1. How much length is gained if the chain between L20 and T42 is pulled fully straight, taking 0.36 nm per residue apart and subtracting their Cα-Cα distance, in nm to one decimal?
2. What is the distance in Å between the Cα centroid of segment 138-178 and that of segment 444-459?
3. Calculated FRET efficiency, L375 and E289, Cβ-Cβ r, R0 25 Å, to nearest 0.05?
4. Taking a threshold of 23 Å on the Cα-Cα distance, which of the pairs K167/K385; K292/K364; K491/K533; K446/K491 fall above it?
5. Net charge within 12 Å of D139 by Cβ-Cβ distance, Lys/Arg positive one each and Asp/Glu negative one each, not counting D139 itself?
6. Debye calculation, C-alpha points only, no solvent: report log10 I(q)/I(0) for segment 342-381 at q = 0.23, 0.33 Å⁻¹, in the same order as the q values.
7. Give the value in nm², to one decimal: projected area of the alpha carbon convex hull of segment 401-537, averaged over all directions.
8. What does the charge dipole of segment 443-483 about its Cα centre add up to, to the nearest 20 debye, if the Cβ of each Lys and Arg holds +1 and the Cβ of each Asp and Glu holds -1?
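The values are calculated or read from the model by the stated rules, or taken from the named source; none is laboratory data. Here the structure is a predicted model, which means the values were calculated and not measured. Note that each Cβ is placed from the backbone with ideal geometry, even for glycine, and that neighbours are counted across all protein chains shown. For the accessible areas, the whole protein counts, side chains as well, though only heavy atoms, and no ligand, DNA or RNA atoms are used. Shrake-Rupley method; radii C 1.70, N 1.55, O 1.52, S 1.80 Å.
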Amino acid sequence: MTNSTHNESLTKTIDFVNNLPFEIFTRIFSQLSTEQIILCLTVCQNWRNQLISCHVLWETIELNNASHARLFKILNSLSNRVKRLTIYDNGDNEKAFQWLATCHFEALRTLVIDMECSSDDFYRLHLCPGLQNVGLFLDHITLVNVDAKQLSIQRVLQFCPNISHLKYNGYNLSTLFEENHHETERTKDSGHRLTHIFIHMDGHLNPYDIRYTLKNTPHLQQLLISYCAPDILDIIFDCCPDLPYLNYNSAVTQEDNQVHMEFVNDNNYQGRGMQFLKLANYHLPITSEQIKRFFIHNNTTLKAFEFSNSFSIQEQSVPDFSSIFSTIQQDNSNILRQFHCNTSISIETMALIITHCTHLEDLKFSKVDLACLELIMTSVPRLQKLHLVECHNMNEQDWKTLVLDDCPSLTDAGLYHLGHISNLDTVSIRSCNDLITEVGIEQCIKEMDTLQCIELIRLECVSDHVLFTLGQSNAKLKTVYLQELDHVTLKGVQDLVRHAPTVHHLHVVECGDITLNGLKTVCSAGITLCTKKLLSL
């Protein structure tokens with residue numbers, strides 16, 4: 001046998017690509033970057049044919065430091081398959097933008113561009129021609145580190161008139177002036193198709209730019225704006241007072257989209273009026289009058305309100321909630337369910353809120369005293385979730401979810417009262433280490449017959465014996481989340497799952513030297529195990 005024949009035989013023997021099911025083939029190669037897949041094309045003709053014919057691999061392209069001419073020679077023929085394209089520009093990605101500006105991208109729907117200190121010529125010669133070429137096809141666009149002087153929000157919308165989702169993270173004040181555009185009456189049959197906008201501008205958002213954007217987006221459902229001055233809030237109200245979801249200067253969490261869908265897609269939602277209002281003071285405080293305008297206009301539709309102060313804002317800058325809620329009609333027309341506030345509220349203000357909002361179900365307060373808590377417990381019949389931060393005492397009430405977060409004056413007696421709450425199925429106790437003891441935790445657990453989910457996080461008093469008591473309780477536990485408990489060992493976890501057969505989900509995060517492999521030795525195969533931090537309640 002000649003060497004060439006031997007090599008051909010060996011190649012056929014080890015070439016596994018032909019024998020792989022399509023699903024497995026796709027899963028393997030989809031783990032590679034675009035540049036790595038391009039290299040795989042050079043292995044042999046068979047690999048090249050298989051990879052080129054697999055459309056799924058070319059639907060999502062991510063380019064980082066892509067400057068090889070060979071790469072773009074191949075991509076030129078595949079551009080019409082791309083549905084999602086991400087380009088990271090670190091100053092050496094010129095060919096990627098030339099490709100974006102010259103090839104056909106009829107299937108492209110999502111474009112993400114992350115720039116780093118790009119020059120003025122970059123916008124003129126590369127980015128803008130690229131957006132002009134693909135803008136008509138896009139549905140989602142994300143632009144990070146944009147110089148607003150070179151590419152304003154208005155110009156993005158001109159390039160991309162059909163997008164529904166815009167994420168714009170920029171700096172510098174755009175040069176757009178009021179006379180540069182003509183405002184028209186918003187109608188459902190005119191303007192852009194935008195439904196979701198996220199803008200982060202580090203305090204430099206041009207009022208005329210945002211006014212133009214809002215005036216020309218009649219279908220807008222969700223607006224998230226961060227690090228902007230309070231005068232922008234007035235523009236938002238003037239342009240779209242019925243906006244279903246507004247997050248203004250508040251931290252964007254993973255729950256935002258979930259909450260938005262929950263409220264906006266409610267069967268009772270008739271398509272008019274604000275549903276969710278989330279505000280935060282940043283540098284310059286929001287005034288009570290600004291908030292009041294939204295409450296009066298959306299009295300019969302607003303379901304959730306959140307307010308927080310940034311660390312740079314003094315407590316004296318808190319809005320006058322008494323004047324805000326006194327404007328709300330005291331009848332069943334107000335449907336506010338959720339009220340979250342991280343600033344101090346007096347008992348008089350609390351009474352006014354509860355009196356005018358008879359549908360409250362979810363409350364979160366900071367630094368609330370005992371009198372306010374007693375008022376909540378006796379006057380909020382629909383209460384299902386109560387989240388207390390830095391509070392001083394508590395009592396019992398008929399709700400389903402209770403979160404105790406950093407409550408330094410929580411005592412064993414208070415925990416004992418909590419154990420008698422009827423229908424309580426979820427409890428989270430975090431960083432309450434000043435006065436409660438192991439005995440108090442165990443007494444509370446013994447009384448919670450309806451408990452299904454429990455979180456114990458950063459509690460010095462939780463030991464193996466507490467877990468044993470938890471397993472011995474009458475509760476039908478399904479989910480247990482343990483995090484940063486220094487006195488818990490693998491033996492305690494073993495006692496818990498041995499005596500609590502209903503547990504299906506067990507999360508043990510940073511508890512001593514407990515590992516995932518260790519958990520597998522003491523837990524049955526029917527229990528889902530996790531050692532990574534998850535979203536809390």
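1. Numbers: separation 22, 0.36 × 22 = 7.92 nm, distance 1.92 nm.
Length gained, L20 through T42: 6.0 nm.
2. Here the answer is 49 Å between Cα centres.
3. Details: r = 27 Å, r/R0 = 1.07.
Calculated transfer efficiency: 0.40.
4. On the way: K167/K385 32 Å; K292/K364 20 Å; K491/K533 21 Å; K446/K491 20 Å.
Pairs exceeding the cut-off: K167/K385.
5. Values: positive: K83, R84, R109, R193; negative: none.
It works out to a net charge of +4.
6. Debye output, listed in q order: -0.72, -1.41.
7. Values: hull surface 27.7 nm².
Over all viewing directions, segment 401-537 projects a mean Cα-hull area of 6.9 nm².
8. The dipole of segment 443-483 has a size of about 140 debye.
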